[in-house]
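Step one of this worksheet: look at the structure below.
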Amino acid sequence: MRLENKDVSLIKTLNEKLADKNSILDLSYERIGDSGIVFLCRNKDLSHVKKLDLSWNELTNDGLSALSETASLGGLMHLVLNANQIGDEGVRCLAASKKLPNLESVELVNNEVSDFGALSLVKSQSLLNLGFIDLEMNQVGRQKLTQFPDGAVVSKLRVLNLRRNLLTDETISDWAQAGAFEKVVHLNLGWNHITNKGASILAHSPTLSRLEILAIDSNDIGDLGAKDIASSKHLNNLVQLYMQDNDFGRTGEMALRTMRSRILVEKKKNEDKLNLNEQSLDNKDLASLAQYERLNEVASLSLRNNHFDYRGIQELANSPYLLNLRSLNLMSNKVGDKGLLLLAESPNLSQLESLNLENTGITALGILALSQSPYLKKLKELNLSDNKLGEKGFHVLAGSDNFRNLIKLSTSGTSVGDAEFQALVQSQTLTQLEELETMGNLITRKSLDLLASSPKLAQWKKMDLRRNQLKDVDLIFLADSPKFKNFATLRF
């Protein structure tokens with residue numbers, strides 16, 4: 001009776017799931033077992049299904065074998081089989097299936113697949129559109145291979161995840177010799193048992209030349225393995241390398257950081273511009289980057305939103321390869337007044353024309369250092385937004401000859417009030433200023449009247465006054481006054 005009730009419940013569940021002909025069929029956690037899969041495949045039309053999720057269903061090789069021979073699954077693109085009891089035989093049947101020509105991704109996390117089953121998928125001669133294979137938490141590497149599947153790697157395979165298996169150096173050697181990594185762009189080998197020998201095999205294998213992302217974190221790799229990876233002639237396409245939580249020390253770490261700096265410059269540089277925004281760079285990364293000679297080809301360097309502070313700035317300021325730098329973006333880093341002082345004292349930055357210090361924790365002391373720099377005298381663009389400069393900072397800014405060439409100034413979110421605005425308008429040195437961005441401040445009508453009577457108004461071309469303390473009548477004044485008609489852009 002219990003079996004009958006279970007069967008009735010299964011039929012009801014399947015009918016409900018299939019009623020709307022949704023392209024995604026989610027049967028995860030239903031625990032339908034192999035018999036449920038057989039019933040589904042024999043009795044239901046699955047031609048509309050593009051993604052099928054059968055995770056946590058107590059499936060074995062028999063269930064996957066039945067699924068692999070289902071004629072109505074010809075349109076299936078994504079198959080999820082996580083947390084079952086599927087082994088090599090079931091995966092071999094899947095790899096040989098002629099019924100799944102459009103399959104693009106297979107997820108088999110937390111099953112019982114070992115090397116032969118995994119390689120059968122990688123070298124499938126039937127699943128020719130397969131680009132993504134996830135075999136995390138399986139048995140790959142459990143025992144040495146005595147038989148290798150025939151054929152070449154699936155030509156469209158790009159992502160292979162072997163994380164948290166039992167991979168050893170011997171496994172890496174076998175897989176490399178089998179050419180299993182040849183087409184892969186993203187390879188995850190984290191949380192295995194790879195040592196220096198395995199790292200050396202990876203580094204010297206020409207079959208890894210397509211790799212852009214390599215994860216070998218949480219293994220047993222020491223300095224020698226790290227240095228082999230760092231000096232590899234075949235990993236030139238790497239964009240991201242994850243090797244944390246291994247056994248290497250400072251020597252290996254420095255080699256890998258040097259490698260990362262080289263890769264970043266080679267991959268991110270576009271003509272004379274280098275964009276390294278949001279790359280999680282810390283002080284040590286900046287130290288390595290600062291010593292890479294190809295920085296001398298860079299005129300514009302953007303380092304927005306990383307993880308360095310004044311110590312990283314010191315490494316950058318001491319670099320002999322920044323003599324051609326014209327533009328530097330340090331936005332959203334912990335530069336602080338110490339960092340700005342180090343920049344101000346660097347002769348290597350004497351050609352700098354544009355400096356972005358938005359949200360870098362600087363105060364009037366930093367502006368004072370900048371104003372007294374014997375080197376930073378060519379600035380044409382300066383962004384000081386989202387810092388606490390105070391009235392003193394603005395008076396220093398308005399009175400220094402170092403800012404005589406400024407054309408564009410950004411001071412949004414710095415609590416600029418009428419006194420600070422007056423200092424800028426009445427400055428005897430800011431004579432070249434044409435653009436002022438000062439949103440989100442405390443400016444009132446008093447500042448507008450001051451600007452309207454200033455001889456500098458004629459040379460200003462762009463101004464942004466949004467989110468200040470201006471009343472409706474003040475906005476009407478801005479819109480109607482002929483004195484403000486010469487602005488190319490006036491936002492309020």
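What the table shows:
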item: Residues located in the range 15-26, provided they are of a type outside the set (Ser, Thr, Tyr) and modelled with pLDDT of 95 or more; result: Ile24, Leu25, Asp26
item: Options Ser72, Ser65: the member that is closer than 28 Å to Leu145 by Cα, in contact with an Asp or Glu (Cβ under 8 Å, 6 or more places away or on another chain), hydroxyl-bearing (Ser, Thr, Tyr) and touching a residue at least 24 places away in the same chain (Cβ under 8 Å); result: Ser65
item: Of residues in the range 248-262 being over 22 Å from Asn237 (Cβ atoms) and not small (Gly, Ala, Ser), the one surrounded by the fewest Cβ atoms within 10 Å (Cβ to Cβ); result: Arg250
item: Any chance Ala178 is over 26 Å from the mean Cα position of the chain (by Cα), aliphatic (A, V, I, L, M) and surrounded by fewer than 22 Cβ atoms within 10 Å (Cβ to Cβ); result: yes
item: Residues of the range 223-236 satisfying the condition of being under 15 Å from Arg257 (Cα atoms) and not hydrophobic (A, V, I, L, M, F, W, C); result: Asp223, Gly225, Lys227, Asp228, Ser231, Ser232, Asn236
item: Selection count where residues are in contact with a strand residue (DSSP E or B) (Cβ under 8 Å, 6 or more places away or on another chain) and hydroxyl-bearing (Ser, Thr, Tyr), scope the range 317-357; result: 2
item: Residue that is modelled with the lowest pLDDT, among those in the range 469-491 that are surrounded by 10 or more Cβ atoms within 10 Å (Cβ to Cβ), among the basic types (Lys, Arg) and out of contact with any strand residue (DSSP E or B) (no Cβ under 7 Å at 6 or more places or on another chain); result: Lys483
item: Output for the range 150-172, where each listed residue is crowded, with 16+ Cβ neighbours inside 10 Å, without any contact (Cβ under 8 Å) to a residue 40 or more places away in the chain and in a loop (DSSP other than H, G, I, E, B); result: Val153, Val154, Leu157, Arg158, Arg164, Asn165, Leu166, Leu167, Thr168
item: Verdict on Leu100 being surrounded by 18 or more Cβ atoms within 10 Å (Cβ to Cβ), in a helix (DSSP H, G or I) and either in contact with a Cys (Cβ under 7 Å, 6 or more places away or on another chain) or at pLDDT 95 or above (or both); result: no
item: Selected residue [within 18 Å of the chain's Cα centre (by Cα) and on the phi < 0 side of the Ramachandran plot] from Ser327, Ser288, Ser302; result: Ser302
item: In the range 317-332, residue farthest from Asn305 (Cα to Cα) [restricted to those that are part of a loop (DSSP other than H, G, I, E, B) and hydroxyl-bearing (Ser, Thr, Tyr)]; result: Tyr321
item: Among (1) farther than 19 Å from Ser385 by Cβ; (2) basic (Lys, Arg); (3) at pLDDT 95 or above; (4) in contact with a strand residue (DSSP E or B) (Cβ under 6 Å, 6 or more places away or on another chain), the one test that Lys268 misses; result: (3)
item: Restricting the range 433-461 to residues that are among the polar types (S, T, N, Q) and under 39 Å from the mean Cα position of the chain (by Cα), the residue that is surrounded by the fewest Cβ atoms within 10 Å (Cβ to Cβ); result: Asn441
item: Subset of the range 28-63 [among the aliphatic types (A, V, I, L, M) and more than 21 Å from Met137 (Cβ to Cβ)]; result: Ile32, Ile37, Val38, Leu40, Leu46, Val49
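The values are calculated or read from the model by the stated rules, or taken from the named source; none is laboratory data. Remember, it's a predicted structure, so these values are computed and weren't measured experimentally. Neighbour counts are summed over all protein chains in view; Cβ atoms, including those assigned to glycine, are modelled from backbone coordinates with ideal geometry.
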